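Take this structure first; my questions come after.
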Amino acid sequence: MVFHWAAKLLDVWLALTRPVRDVLAGRGRFRDWWRFLPGDMLGRLVMLGCGIPTPTRVQNVSGVQAVLVEDPRVALWFRAHLIPVQAQTLGRYVLSRDPLPPDTLAHEIEHIRQWERFGPFYLPLYFGWSAVAALRGKRAYWDNGFEVAARDRADRESAADRDGVAAWESAAGTGEDETRLRT
Ligand SMILES: [Zn+2]
């Protein structure tokens, strides 16, 4: 009986750590793989827990690898939260009920960078920041520094996209007015 459960646990462990081992077996590009370990495991656990067997797609966005899980079944997990959740990043896993629009993806990509930077300390720091903000009478989510950074990054990137389109169009001699570009 004990062996049976040990074998089951080992199975779960192997399933959860498979992406990490795949990376390790690769070209050693991700020398900081351990920083993603807790987040990736959580992300994978939530994905499997919602009955989703595999991610929708893996995408490289501005040098960051994102594992996108775009599936209505993540609502099961989102419903367990106190605040309404549109998308959520756990390690490199980005969970969303619907296909991610570019600005939301840019926001979540910044959270992947934060996971990379802080590794196992990220979640305690994140919740710590929210707690301190709340204690100071600020808003736990909106005034969390990690969220502020992610919003800034998404704003900057969509501004850069607009500039890029504007520059390309003026170079190509097909100038369009500002309002059109912003739609
Ligand atoms: Zn966020």
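May I ask you to sort Arg97, Arg139, Arg92 by Cβ crowding, counting other Cβ atoms within 10 Å and putting the fewest first?
Working: Arg97 17, Arg139 11, Arg92 25.
With the fewest neighbours first, Arg97, Arg139, Arg92 line up as Arg139, Arg97, Arg92.
Next question. Using a Förster distance of 41 Å, how high is the FRET efficiency between Asp163 and Trp13, based on the Cβ-Cβ distance and rounded to 0.05? Present the calculation step by step, with values, prior to reporting the outcome.
On the way: r = 47 Å, r/R0 = 1.14.
Computed FRET efficiency for Asp163 and Trp13: 0.30.
Size of the stretch 60-134 along its principal axes in angstrom, Cα-based, largest extent first?
Answer, in whole Å and largest first: 33, 31, 20 Å.
Going by how many other Cβ atoms sit within 10 Å of their own, how do Ser130, Ser158, Ser62 line up, fewest first? Please list the in-between numbers first.
Values: Ser130 20, Ser158 14, Ser62 11.
Fewest-to-most ranking of Ser130, Ser158, Ser62: Ser62, Ser158, Ser130.
Given an 8 Å cut-off on Cα distances and at least 6 residues of separation, report the relative contact order of the stretch 79-160 as a percent. Intermediate values should be presented prior to the final figure.
Details: 65 pairs, mean separation 23.6, N = 82.
In percent, rounded to a whole number, it is 29.
Oh, and also: Give me the extension gain from Leu76 to Arg57: residue separation times 0.36 nm, minus the current Cα-Cα distance, reported in nm with one decimal.
Extra length from Leu76 to Arg57 when fully extended: 4.8 nm.
Another question about this same structure. Can you list residues from other chains, or at least 5 along the same chain, whose modelled amide H is less than 5 Å from the amide H of Tyr93?
Val67
Since every read-out is calculated from the coordinates, none of them should be taken as a lab result. Since the model is a prediction, treat every value here as computed from it, not as a measurement. Counting neighbours? That spans all protein chains shown, and the Cβs are built from the backbone with ideal geometry, glycine included.
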